[in-house]
Amino acid sequence: MSEAGSTAGLPDLTLYSRVGCHLCEQAEAHLRSLAFRFSVVDVDAEPALRARYGNDVPVLAQGDRVLGKGVFSRARLSQIKLLLMREAQAASV
């Protein structure tokens, strides 16, 4: 499966992160290696985000839906990707 084909139908995600967070850096690297479409948002840049996520970062979200918090191994992210692909396929039927 090509990289483009592996992301077809996947939603754009948000990785809530903070500078200097090694778990956030690890999550970002794994998301890139698994060809997720995502943007990184620094929770410390906005007081409302800091209040909402505090020390829970990294947090992976699809809009207001939190997909997970904390440690994101490649295996965990692969499971999330599979879930999102199944949801996208079901929505297109």
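Restricting attention to the chain, close to 60% of DSSP beta bridges with both partner residues there are antiparallel. Between helix 22-33 and the chain, what is the angle of the helix's C-alpha long axis to the longest principal axis, kept within 0 to 90° and rounded to the nearest 10? That works out to roughly 20 degrees.
For the options 65, 76, 50, a Gaussian network treatment of the chain with springs between C-alpha atoms closer than 10 Å singles out 65 as fluctuating the most.
Between 43, 66, 57, the GNM of the chain built on Cα springs shorter than 10 angstrom shows 66 fluctuating the most. Considered as an equivalent ellipsoid built on the Cα gyration tensor, segment 3-86 has semi-axes of 22, 13, 11 Å, the largest given first. Taking Cα atoms, how many degrees apart are the long axis of helix 74-91 and the longest axis of the chain, rounded to 10 and kept between 0 and 90? It is inclined by approximately 60 degrees. With contacts taken as Cα pairs under 8 Å at a separation of at least 6 residues, the chain carries a relative contact order of 34 percent.
Only the coordinates and a few stated rules stand behind these numbers; no lab work does. Note that this is a predicted model, so its numbers are computed, not measured.
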